[in-house]
Structures are given as structure tokens and as C-alpha cells.
Amino acid sequence: MEKAFEDAASALQLGEVSDPVRSAFGYHLIKVTELVPRETKSFEDVKDEVIRSYQKTEAENKYYELGQTLTEFSYEHSEDLLEVADALGLTIKTTKLFTRDQGEGIAAEQLVRNAAFSEDVLKGNNSEPLELEGDRLIVLHVKDHQPAAVRELAEVKNDVIEALLVSKSRRQAEERVFDLKSRAIAGESLKKLAEEANDVSHKSITGLSRTSAEVPGELLQAVFKTAKPVADQPNLFVAPLSSGEQVLVSLQNVTDGKMTEEDKKRMELATKNIANALGQSLFSAVMANLQEKADVIVRSK
């Protein structure tokens, strides 16, 4: 709020209406409809929170400063990554050779592969700093580049065999899990099916939430995307995982989440803030439109 508006509002009692107050947005009549007492916590209550907040702020500031230095040095010494590393006390790490489409470790990131194969980097220059998840900032420099070529069969034989075995294994897993699903639909329990098989495990989970760490994230997403059970009939579905595993899920029941009083207060506050932001945006747009259409005449004496 502008100072004039804030001062006038702060001086009012509950239910009291102010005199006209002028701000950059015009004249206002302010009425206080609610007063919320300020809550003061003891230092011991907030000590850990204050420490974490301070450490986080300091770390962010240091990260920003180092990021700026990294950007400057990698640009000034664009053909030499060693000087950049020495200046910042960093260790240069080397990846295995990777292609435009796939790689291992940090080269598994699409952003990294795109930068590595950019024209500027292939010419021998440092890349621009790349920001990755987990607050990581990296600069790339090509150590070795081998043009694309057709590999000899003997060289790729083991890779081909491994790929075929993985593909066959996945097909077999799919066939088996859909067979188990058919039996489950016919009335057999998942626990019994798992007991009959030597390499299938069974797990029963109650009260699974969206933030639960009991199951892999991709399985959790599949569970919360599926439809609710109808007429007390469990919803059976198969969730394939990136690891190649096939998970047969029997969703028995879905309980709608309940908002706590604290959640409700946060929701109300968020709603008010959004409404205020939208109102301010609309008001600013109207004022800008009026100013654009207004005719201003300046008369000299």
C-alpha cells in the first residue's frame, strides 16, 4: 500500500471509516471490517526456523555471486575451462561420450546435450552457464568429439543382445501382468496370486496420500489419475514403470481430502490476495486506457 493509504488505515478502529485519502490511484474511503491480533512467538519457538531461513538466504546469495563469477570467467576465458575452474576452486569432471539423443550421468539431461552439440561449443568455446535441477550450475567444454559413424556389428553385438533381452523381458512382464489382471477380475485376490508366484510381491497400503513416499512417484501419479471405484467394486489397472516393472493395482476406496482450519485460513488469504491482484490489474488497465484516450490541453500564461 502507499504510505498515505497505509497510515490512514492503521489509524482506524474496527468499523471506523476514514476521511477521503488521496493516492496515486485517486481518492479512497477506507473502512476497517476486521482486526487480526498480531501473534508474537518466543525466540525459542522460531529459533530453528530463523536459522534455516538465514542459512537459506546466505546460500542463495553465495550461489548467485558464484554464478555471476562463473558467467564472467567462462566468457572471458571462453576457450579454456581450466582457468575458470582454478579461479573458483572447482573440479572439472568428464563424461563418457554421448550422442544427441542419449547419454549417462549429467549427459542424460536434454538441456546438457543440446548445449554440448551447439555450434559454438563444438567450435571449442565454453557453453553459457546451464541451470539444472537441484540448484546446479554448469559450464560445458568439449574434450573430444567423434563424428557420427556406422559401428561394426562386432562392436555393437553385446548392446544389441542386451536391448533384445530387455525388450523380450518387458513383453513377457506385460503378458504376465495382464494374465494376473484377468484372474483378479474373475475373483482371485492379489495376495493369493502373489503367493502362488515366486517372483511377484504383494503390498497393501492404507491411507495413501499425494505426498506419500511409500511407492515410486510414477506409480503414485498413476494411482491418483485413475477413476474412483464404483459401487464398491475395486478399480483394477496396470501401471508400467520406467524400470520395466509392471504393477497391478487394485484401488479399493478413495477418501476425499479434508481441509484443516489452517488450510482454510490459507485458502481465504490466497483468495483475497488473488482478488486484490486481479482488481489492481484491472484498475491499472482502466486507468491506462483512460489516460491514453484523454485529451490534455496545456495553457501558457
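Exactly one residue out of V215, V177, V200 is more than 30 Å from K258 (Cβ to Cβ), within 35 Å of the chain's Cα centre (by Cα) and in a loop (DSSP other than H, G, I, E, B), and it is V200.
So that you can scan it fast, the table gives a plain yes or no per residue for (1) modelled with pLDDT under 85; (2) assigned to a loop (DSSP other than H, G, I, E, B); (3) touching an Asp or Glu at 6+ places or on another chain (Cβ under 8 Å); (4) loosely packed, with under 10 Cβ neighbours inside 10 Å:
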site: F5; (1), (2), (3), (4): no, no, no, no
site: A9; (1), (2), (3), (4): no, no, no, no
site: L12; (1), (2), (3), (4): no, yes, no, no
site: G15; (1), (2), (3), (4): no, yes, no, no
site: D19; (1), (2), (3), (4): no, yes, no, yes
site: E34; (1), (2), (3), (4): no, yes, no, yes
site: T40; (1), (2), (3), (4): yes, yes, no, yes
site: V46; (1), (2), (3), (4): yes, no, no, no
site: I51; (1), (2), (3), (4): no, no, no, no
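So which residues in the range 229-257 are among the β-branched types (V, I, T) and either in a loop (DSSP other than H, G, I, E, B) or surrounded by 16 or more Cβ atoms within 10 Å (Cβ to Cβ) (or both), if there are any at all? Steps first, please.
Let us first name the residues in the range 229-257 that are among the β-branched types (V, I, T), namely 230, 238, 247, 249, 254-255.
Listed by number, the residues that qualify are V247, V249, V254, T255.
Of all the numbered requirements in (1) of a type in the set (S, T, N, Q); (2) more than 30 Å from A163 (Cβ to Cβ); (3) in a helix (DSSP H, G or I); (4) at pLDDT 85 or above, N273 misses one, and that requirement is (4).
Of these, L137, L90, L111, which one is in a strand (DSSP E or B) and closer than 24 Å to Y64 by Cβ? Outline the logic, then answer.
Numbers: L90 fails: in a strand (DSSP E or B); L111 fails: in a strand (DSSP E or B).
Testing whether each residue is in a strand (DSSP E or B) and closer than 24 Å to Y64 by Cβ leaves just L137.
Output the number of residues of the range 181-193 satisfying the condition of being closer than 15 Å to P234 by Cα, assigned to a helix (DSSP H, G or I) and aliphatic (A, V, I, L, M). Qualifying residue count, the range 181-193: 3.
Among the candidates Y64, Y27, single out the residue that is out of contact with any His (no Cβ under 7 Å at 6 or more places or on another chain), farther than 30 Å from D135 by Cβ and outside any loop (DSSP other than H, G, I, E, B). Quick ask: steps written out before the conclusion?
On the way: Y64 fails: farther than 30 Å from D135 by Cβ.
Just a single option satisfies the conditions, and that option is Y27.
Residues are listed down the side, and each one gets a yes or a no for (1) modelled with pLDDT of 85 or more; (2) touching a strand residue (DSSP E or B) at 6+ places or on another chain (Cβ under 9 Å):
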| residue | (1), (2) |
| --- | --- |
| L165 | yes, no |
| N235 | yes, yes |
| S243 | no, no |
| D263 | no, no |
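The set of residues in the range 86-143 being among the charged types (D, E, K, R) and within 30 Å of K56 (Cβ to Cβ) consists of D86, K93, E109, E128, E131, E133, D135, R136. When V254, V286, V215 are screened for being among the β-branched types (V, I, T) and closer than 28 Å to M1 by Cβ, only V286 passes.
Residue by residue, here is whether (1) surrounded by 15 or more Cβ atoms within 10 Å (Cβ to Cβ); (2) not in a helix (DSSP H, G or I) holds:
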| residue | (1), (2) |
| --- | --- |
| T94 | no, yes |
| A107 | yes, no |
| K143 | no, yes |
| L164 | no, no |
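Restricting the first member to the range 148-159 and to residues that are within 16 Å of D101 (Cα to Cα), and the second to residues that are in a loop (DSSP other than H, G, I, E, B) and modelled with pLDDT of 85 or more, the beta-carbon pairs closer than 9 Å and six or more apart or on different chains are A148/T99; A148/R100. Taken together, L219, L241, L248 contain a single residue that is of a type outside the set (K, R), touching a residue at least 24 places away in the same chain (Cβ under 8 Å) and in contact with a Lys or Arg (Cβ under 7 Å, 6 or more places away or on another chain), which is L248. Across the range 289-301, a minimum of one residue is classified as over 30 Å from K168 (Cβ atoms) and either surrounded by 10 or more Cβ atoms within 10 Å (Cβ to Cβ) or in contact with a Pro (Cβ under 6 Å, 6 or more places away or on another chain) (or both). Scanning the range 72-94 for residues that are modelled with pLDDT of 90 or more and touching an Asp or Glu at 6+ places or on another chain (Cβ under 7 Å) yields no hits at all.
The values are calculated or read from the model by the stated rules, or taken from the named source; none is laboratory data. Quick caveat: nothing in here was measured; it's all calculated off a predicted structure. Cβ sites come from the backbone with ideal geometry, for glycine too, and all protein chains shown count toward neighbours.
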